[in-house]
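Here is the structure we will look at, set down as structure tokens.
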Amino acid sequence: MRSMMRYILISGIICLSAGVVIYIISSSLWAYALVPGFVGLVLLSYYFYENRSKVKDFFIQPATIYRGNIFLLIVVVLLIMAFLNAIFYRHHLRWDLTQEKIYSLSQSTVQELEHLKNLIAERKEKGDKDPFEIILFVDLNSPQKSTAEELMEQYKYHFRDLKYRIVDPDRDPALASEYKVKSYGVVIVRFGNKTIQVREINENDITNGIIKVTRGSEVPICFVIGHGEMDPSSLEGEKRSISSAKRNLESVGYEVKSVSLAKFEKKEDLQKECQILVIAGPMTLFLPQEINVFKDFMEAGGKALLLLDPGVTTGLEEVLKSYGVEVDNSYVVDFNAISQVIGSGPIVPLGVQYDRFHAISKDFRFMTIFPVARSLKKLSPPSGFTVTEIVKTGKESWAEFSFVEEIQKTGKVKFDPGKDREGPITLAMAIEGSKNGNLPEGSEPPKMRIVVVGDSDFITDNYFSAEVEGKESVQPNGDFFLNCINWLGEQKDLISIRPKEKTASKIILTATAGRLILVLTLFVLPLSIALAGFVIWISKRYM
Amino acid sequence: MRALRNIFAVFKKEMRSYFTSPIAYVIVAVFLAITAYFYNTILKLFVQFQFQRMFGFGGGPNLTDHFVRPFYSNMAIIFLLITPVITMRLFSEEKKLGTFELLLTSPLTTTQLVLGKYFAGLCTFLIMLLLTLPYPIFLFIYSSPEIGPVISTYLGMILIGSAFIGVGAFTSALTENQIIAAALSFGILLILWVLGWASQTASGGIAEFLKYISIMEHFGDMSKGVISTRNLIYFLSFDMFIIFITASVIESQKWR
């Protein structure tokens, strides 16, 4: 009878455990879990019933009570510890002991976060329950995930209630398409119902994103129309559509408008409407009053991006000449090996050399494509002006000054020394300067900035970005365009945080020193300890 | 105070038995030899790496990232393997020798007993840690590493040592067989260490929880050069908890 009881107890426990395990493995198999579970329960109930006096005695035993108490006490202590840890998890202090303070945020970011806290509090008072959020789209299996987490933890250290999410666009495609996110490493900063896209996960870009999205108004960019230029209101699919460019500009906080220069009599009116002008591929002459208002606007500290295609005269060429840039009447011909590989012809020059110091191009590494372009020539700029050549083609190219005739006559182009200019050819230039005029004593003359590019098609939808395998989208042309706009934008309230560089140190070690270290650490130290042990052992044996 | 004197008495006796037996010396010598091997290997690799980088762009690699962190991570793992050997005899030997019952019936309270033995184990650990000081000293002679991360790494070492010794004391109290104590201790420490990895691919609440429990995660922060009260509280509560359950286990054994 006794052993039978034991078997019943054991099988009861086994059945019940089996049931629990099956349920844990898959809750959908609960029917299968139910049978052994039920059987187990029956067996155990029978056991406990038959042996109820023995069971009672067991539980009354002082040892059991004592052990039970201790167990309970342990659980309570554990809960207290967990609670304490949870509290201090939220309210913690940290000290960054690295030399460059690479694990801490800069002062500017901390100040911006203080400002953000006030803005959020205001919105919450007005009833907005969910005013601010940062969403980071990363590949959860890549080191980007921990970079993103560490960075957000630093932000949270200064702003405890900061809401953020780290999402994998593959696992949550609905969210990714809601925010129009097409690649990894994109951050969305949302304030109210305004959102801004930040294309890189670092302190500088994210803080600037916060500044832009909480700012009251957006920087207006005006696309000039009236001469056959590309229009931002064009729809995707139309010829010369620049809907991608428009979308990208709006997603980083610009307001995109179309203006007709003829409507503005004075530069002040234009200044009220626009901060940056974009003249994207005009096809006819500008009216003299348009050119005048443009000049006045620029010399009062205006900013403009001029995309001028070959074969067109606009009247702006003289203005640019006065600032130090000559817009050639040429077509750039490029026999770069790569263009043969990607299937574009010799009249699609590739930008392969970038100025290493200018803000627009200094870290730029990609190859840009300029379908049908004209060359630019740097003249000696007037005093107060600097002209930088930012994009150039490779050596297998040249500026062809009799393109149309040669094509019509022979169907081919040939380099004519003396007439044509051999490569590398400049496709884009940046002008910065101020005209010294009558100004009150001591005030700074307004600085104008112009970027001139010898082509406009490079920002059309086809060339703006390239879809690679559906998910990743690289956009060298688009990034170049955005870099130009950002440089022109030069928004004063944005900050520039130098990326923190880890302290580099050198180990100056002679071979002798190296051997000395090796011998000391690997032999002298361990052996002397072992020797001490040996001495102890010997002395014990012979004491 | 009587209590402190008792604790110190247990501590003294334990230290004496540690260092009058050759075992401790062998363990320490082996530990130093292994770490020396790692040290010199990483040193050589770093000098080579630095040489290559010099041809790329000026500056060179960061000592903390490429020397201090990998070296001390290795050292932490070696400690993880070695401290069970140090702690296995704390209680098990007494039980084997039969002196355990004597201790239990002495005027010592269980807590004093546990604390005395724990501090002895901890002190041995600290001695081993002290003997590793030549490594950063050499580094400071021949180069200029960031001092902050070195300090925070050593602080981290002390803290994980306190945790390792605690776990070892606990498993030693569970059994009279030293091998079982060592194996259990080793197993627990390994699981606690490795929990951090499991959370890498998971996400959400469970991942956060696992990451927080993992000793490696807390040490990782400190080896980077960041000291956070989160880590300090974790180790403090870990140590207190483990000493508490060790004392509870021994208390319950009084009643056998």
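Couple of notes before you dig in:
- The residues of the stretch A:19-67 that are in contact (Cβ under 8 Å) with a residue 40 or more places away in the chain and open to solvent by less than 50 Å² (accessible area, probe 1.4 Å), listed by number, are A:Tyr47, A:Asn51.
- Hits in the stretch B:135-171 (condition: open to solvent by less than 20 Å² (accessible area, probe 1.4 Å), out of contact with any Phe, Trp or Tyr (no Cβ under 8 Å at 6 or more places or on another chain) and more than 13 Å from chain A (Cβ to nearest Cβ)): B:Val167, B:Gly168, B:Thr171
- Boolean, B:Ile23 is open to solvent by 10 Å² or more (accessible area, probe 1.4 Å), more than 11 Å from chain A (Cβ to nearest Cβ) and β-branched (Val, Ile, Thr): no
- Selection count where residues are open to solvent by less than 60 Å² (accessible area, probe 1.4 Å) and either out of contact with any helix residue (DSSP H, G or I) (no Cβ under 7 Å at 6 or more places or on another chain) or among the aliphatic types (A, V, I, L, M) (or both), scope the stretch A:87-96: 1
- Being within 30 Å of A:Glu150 (Cβ to Cβ), of a type outside the set (Gly, Ala, Ser) and touching a residue at least 24 places away in the same chain (Cβ under 8 Å) holds for only one residue in A:Lys212, A:Lys267, and it is A:Lys212.
Residue-by-condition table, conditions (1) at pLDDT 90 or above; (2) under 22 Å from A:Val181 (Cβ atoms):
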site: A:Ile196; (1), (2): no, yes
site: A:Ile201; (1), (2): no, yes
site: A:Asn208; (1), (2): no, yes
site: A:Cys222; (1), (2): yes, no
site: A:Leu270; (1), (2): no, no
site: A:Ile291; (1), (2): yes, no
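- In the stretch A:517-543, the residues that are more than 8 Å from chain B (Cβ to nearest Cβ) and of a type in the set (Lys, Arg): A:Arg541
- Residue within the stretch A:168-180 that is open to solvent by less than 80 Å² (accessible area, probe 1.4 Å) and within 22 Å of A:Ser217 (Cα to Cα) present: yes
- So A:Ile70, is it outside any loop (DSSP other than H, G, I, E, B), surrounded by 11 or more Cβ atoms within 10 Å (Cβ to Cβ) and modelled with pLDDT under 85: yes
- Filtered residue count, the stretch B:229-244, keeping only those that are more than 14 Å from the chain's Cα centre (by Cα) and crowded, with 22+ Cβ neighbours inside 10 Å: 2
- Selection of helices (runs of 4 or more DSSP H) fully inside the stretch B:46-115 by the criterion of at least 2 residues being open to solvent by 60 Å² or more (accessible area, probe 1.4 Å) and at pLDDT 85 or above returns B:69-87.
- Test for B:Leu113: is it over 21 Å from B:Phe186 (Cα atoms), within 24 Å of the chain's Cα centre (by Cα) and within 10 Å of chain A (Cβ to nearest Cβ): no
- Within the stretch A:108-150, the set of residues being of a type in the set (Gly, Ala, Ser) and part of a helix (DSSP H, G or I) comprises A:Ser108, A:Ala121, A:Ser146, A:Ala148.
The values are calculated or read from the model by the stated rules, or taken from the named source; none is laboratory data. Just so it is clear, the structure is predicted and the values come from calculations on it, not from any experiment. Cβ coordinates were reconstructed from backbone atoms using ideal geometry, including for glycine residues, and neighbour counts include every protein chain displayed. Protein only, heavy atoms only, side chains kept; ligands, DNA and RNA dropped before computing areas. Shrake-Rupley method; radii C 1.70, N 1.55, O 1.52, S 1.80 Å.
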